[in-house]
Amino acid sequence: MSSEDDELLKSFLEESREHLENIEADLMDLEEAGEGFDGELVNKIFRPAHSIKGSAGFLGLVTISKLAHTLENVLHMIRERQVLPVPDVVNLLLRGYDLLASLIDNHNESENIDISQTVAELTNIFPGNTKESSEKTVDIDSPGGISLFEEDELSIEQARRGGKFIYIVEYDLIHDVHEKEKTPLDVITEMQKTGLILNCKVDISTVGTLKDGFSKKIPFYVLFATIIDPDVISALFQLEQSRIHSIEKQIKDVGLAGEETSSGPVPVRTEPVTLDLSREPDWLEEVKGFAVRGYGGVGVLALNPDAVVDNARDLQSALLFSLEKFECLKLDMSGVEEMDLSFLQVLRSAHKTFESRGKILESMAAPPETVSRFATSMGLREEAMGFLS
Amino acid sequence: MAEITKDGEKVFVRPGRDITASTVEELQRKLTSLIDGGARDVVLNLTEIEMIDSLGLGLLVATHNSLSEVGGGLSLTNVSKDIFGLLTTMRLNKHFPVSGE
C-alpha cells in the first residue's frame, strides 16, 4: 500500500472511531424520545453510518461499507417515520453499530467476518413490521420450536369466535405442491376458499442460495383459521396429518382458550322441530348471498344452484351467522345441482359445530340425488353425511 | 432469451417468459453468472409473465439470498395482478420489493 493509501486509511479509522464514540448514548436518547423524537437526533445517528459507508467503500472495505449501508437504511426509515424507535429496533441498531465498531478495529480481517445474521435482522425491520411494545401478542411456534409468528391477541380471539379452529399448516412447496402438479397459486386459492389466512411465512433461509440448488425444499408455514375440523382438514388439503397442527395448546398456555374448549359435551335436543312454512317468516335477510328465513328459533337457509361451487367461504359465514341466530337450521337443498368437495366439508364441519352447541343442522327434505352421489364418489361415508337425509 | 441491461452494479433482467420448471435452470445460470460478475442489485422485470410455479418461487428466494449475501438486493417490477397477489399473500414482499410498475 502506498503511503497515500496509508494516510487515507489512517484518517478513516480515526474519524470513524470518533463518529462512533457517542452512538450508544444517542441511541438511548432516541429510544427514550420514542414517538416524539427529534429529527436532528436521528441525523446525528445517521451521519456516521453514511460517512463510514462512503469512505469504507472507497477504501475497498466492502463488509464495513455494507453494514454501514444497512444501518443507514434503518435510520432513514425512522427519519421518515415509517418505523418507530421502539426498544426492539433500537437494540438491533445498537448491535449493528457495535459490530461496525469492531469491524473497524479489525479492519484487516473485516472482509472475512460473517455479518449476514446482523444484516438479516436489520433488513427485517420495515414499515408495518414493528409493533409498539404495549400491544399484547402471542408467539406461535412450529412443533419443532421454531418461532413462526407473533400475532396480536385480538386477531386470534376474533378468529376463534364461532367455533373456528386455528392451525399451522406446514407445506413444502416442492414436495406437497410441485410434485403434486399444483402451483402455489392453487394452494393459496384452495385455502382462501375454506378459511382465513391469518399469516404465513416462507422459510427463506432453508431455501438457500442460487449455488445451493434451491429445488430441494421450500418450507411454507400458514397460520390458518377455519371451521373445518381436524379429521377433515388433512383430506381437504391433501397433506399428511402430521403437517397440520392445531395451536390450541399454545394459546391455552397463554390463557386465550375460550369456554368452547373447556366445557363438556352439550346435550343435543331430541324433539323433532316442526316447521310451518305456510306462514310468513318473521325474519328474512340475505347473508353473503344466501337467503336466510327465520321462523322463531328455526332458520331456513336456501342453497341456490350457483351458490355452492367455489363458495365455501361465504357458505361458512352464512352458517356461522345462523348458528348464532337460531336453535335449529334447516337447509333447503332443492336447488342444488352441482357442488364441490369444499361445500360438503363445510356442511359436515358446520353440523359438528351445531351439535357441540346443542343445536341442530339438518336438511329440509331428502337432499337431491346429486348430493348423495357426489358425497359417495368423494369417498365420504354415509354416516358422515347422514345428517342430510 | 432474457433481456439484460447493466448500469454499474445494478442489473435489469427481463426473462420474458413464465418462471417455471422448464425455464428455471437457464435463469438460474444467468443470474449466478451476473452475481459472480459483480452485479449487486438485480431488478427483475416480469412484464408478460403470467405464471410462477414453486420452482420459480424457489428461484426468486434463492436469488434474494444470494444477493443479500453480497450486500445487494432483489426487486421485482411490472408484475401481473395475479403474481402480485400471490407474492403479497405469501408475504414474500416483506423480503424483497414487488411492484406492478
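The values are calculated or read from the model by the stated rules, or taken from the named source; none is laboratory data. Note that this is a predicted model, so its numbers are computed, not measured. Note: ideal-geometry Cβ built from the backbone for every residue, glycine included; neighbour counts use all protein chains shown.
Couple of notes before you dig in:
- Of all the listed residues (A:164, A:182, A:193), the sole one being within 11 Å of chain B (Cβ to nearest Cβ) and either among the basic types (Lys, Arg) or touching a residue at least 12 places away in the same chain (Cβ under 8 Å) (or both) is A:182.
- Residue count, the range A:154-173 (criterion: over 13 Å from residue A:196 (Cα atoms), at pLDDT 75 or above and outside any helix (DSSP H, G or I)): 3
- Which numbered condition residue A:383 fails, given (1) at pLDDT 80 or above; (2) closer than 21 Å to residue A:227 by Cα: (1)
- Conditions (1) acidic (Asp, Glu); (2) surrounded by 14 or more Cβ atoms within 10 Å (Cβ to Cβ); (3) over 37 Å from the mean Cα position of the chain (by Cα); number of the one not met by residue A:18: (2)
- Residue list for the range A:56-73, filter: within 14 Å of chain B (Cβ to nearest Cβ) and not small (Gly, Ala, Ser): A:61, A:62, A:63, A:64, A:66, A:67, A:69, A:70, A:71, A:72, A:73
- When residues of the range A:210-219 are limited to those that are free of Cβ contacts under 8 Å to residues at least 24 places away in the same chain and surrounded by fewer than 19 Cβ atoms within 10 Å (Cβ to Cβ), the one farthest from the other protein chains (Cβ to nearest Cβ): A:213
- Those helices (runs of 4 or more DSSP H) lying entirely in the range B:18-101 with at least 3 residues closer than 21 Å to residue A:115 by Cα and at the interface with chain A (Cβ under 9 Å from one of its Cβ atoms): B:54-69
- Filtered by the rule that a residue be of a type in the set (Gly, Ala, Ser) and in a helix (DSSP H, G or I), the range A:202-255 gives A:205, A:234, A:235, A:242.
- Residue match in the range A:73-81 (condition: under 31 Å from the mean Cα position of the chain (by Cα), buried (at least 18 other Cβ atoms within 10 Å of the Cβ) and at pLDDT 90 or above): yes
- Test: residue in the range B:24-37 that is among the aliphatic types (A, V, I, L, M), over 30 Å from residue A:110 (Cβ atoms) and touching a residue at least 12 places away in the same chain (Cβ under 8 Å): yes
- Filtered by the rule that a residue be surrounded by 16 or more Cβ atoms within 10 Å (Cβ to Cβ) and either at pLDDT 95 or above or within 35 Å of the chain's Cα centre (by Cα) (or both), the range A:30-58 gives A:30, A:31, A:37, A:42, A:45, A:46, A:49.
- Among residues that are modelled with pLDDT under 80, assigned to a helix (DSSP H, G or I) and not aliphatic (A, V, I, L, M), residue A:353 is not included.
- Qualifying positions in the range A:71-87 - basic (Lys, Arg) and part of a loop (DSSP other than H, G, I, E, B): A:81
- The set of residues in the range A:278-322 that are among the charged types (D, E, K, R) and part of a strand (DSSP E or B) comprises A:285, A:286, A:293.
- Scan of the range A:221-232 for residues that are among the aliphatic types (A, V, I, L, M) and at pLDDT 85 or above, ordered by number: A:222, A:223, A:225
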